[in-house]
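Notes for the one structure printed next.
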Amino acid sequence: MPDPVVATLPNGAFAENCYIVADPLAGEAAIVDPGEESDRFLAHLSGERWRLGAIWLTHAHVDHLFGLAAVREATGAPIWLHPGDRRLYDAASDQARWFGLSLGPLPPPDRELAEGEPLRLGSLAFDVLHTPGHSPGGVSIAGHGMVFVGDALFAGSVGRSDLPGGDGELLVESIRSKLFALPDETIVYAGHGPATTIGDEKRANPFVRPRSETRR
């Protein structure tokens, strides 16, 4: 089985990380959270000669959606979203206006992400982990020694929980019970900022201290 190839594409005013993950032997790719620079994402796919088989959304905040319509129109790839974030998704244009930006209507999601559901990519398989707290339908996509966490967990930090649908206690519990259950060497690909590992965040992330420390 080939190792996945991952391209990290920081983009736009929000410095959002879009990821393209591929099975290089099959020539099939998925895009995770297409932000603002859709032309750049499509150019990368074209340059690698990868066929886009899926658009995976870790959550439905607007900075992760700006390039979605263009990518969908250019490739026809199905959009995957957890139903818990459908309300946020349908309000993406309103979210954009909060920041003085404009975003037209988005195509409806094609398929629902669900806890434990395997996502196939060529000969590769990834698992869906429901990790709410930053948003109600936030998910992480794990497999092959890596996990795409959206805005749940960052290097040395965690996602915001003060936006509509956020819940700080639930976010920390999602990180502890789902993400910290992954092997320490798992590479964490976050929605913003540098990559990290599960082990590094378990040891040093000040926002997710072990339960024993929180009781002191």
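The values are calculated or read from the model by the stated rules, or taken from the named source; none is laboratory data. Fair warning: this is a prediction, and the values are worked out from it, not measured in the lab. Here Cβ is always computed from backbone atoms with ideal geometry, including for glycine, and neighbour counts include all displayed protein chains.
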Review point. If we only count strands (runs of 3 or more DSSP E) wholly inside the stretch 20-91, which ones have 1 or more residues that are touching a helix residue (DSSP H, G or I) at 6+ places or on another chain (Cβ under 7 Å) and over 19 Å from residue 9 (Cα atoms)?
Key: 79-81
Practice item. Might you check whether a residue that is aromatic (Phe, Trp, Tyr) and touching a residue at least 40 places away in the same chain (Cβ under 8 Å) occurs anywhere in the stretch 80-90? Key: no
Practice item. Return a yes/no flag: does the stretch 156-169 have any residue that is on the phi > 0 side of the Ramachandran plot and either at pLDDT 95 or above or not in a loop (DSSP other than H, G, I, E, B) (or both). Key: yes
Check your understanding: Which of the residues spanning the stretch 110-138 are touching a His at 6+ places or on another chain (Cβ under 6 Å), buried (at least 16 other Cβ atoms within 10 Å of the Cβ) and either part of a strand (DSSP E or B) or not aliphatic (A, V, I, L, M) (or both)?
Key -> 135, 137, 138
Practice item. State whether one or more residues within the stretch 139-151 are surrounded by 15 or more Cβ atoms within 10 Å (Cβ to Cβ), assigned to a helix (DSSP H, G or I) and at pLDDT 95 or above. Key: no
**Study point:** Top-ranked residue of the stretch 127-179 - restricted to ones that are in contact with a Lys or Arg (Cβ under 8 Å, 6 or more places away or on another chain) and among the charged types (D, E, K, R), ranked as farthest from residue 59 (Cα to Cα)
**Key:** 176
Point to revise | Hey, residue 43 under 22 Å from residue 110 (Cβ atoms), of a type in the set (A, V, I, L, M, F, W, C), more than 18 Å from the chain's Cα centre (by Cα) and surrounded by fewer than 21 Cβ atoms within 10 Å (Cβ to Cβ) or not | key: no
Practice item. Run down 96, 7, 13 and say which single residue is buried (at least 16 other Cβ atoms within 10 Å of the Cβ), modelled with pLDDT under 95 and of a type in the set (Gly, Ala, Ser). Key: 96
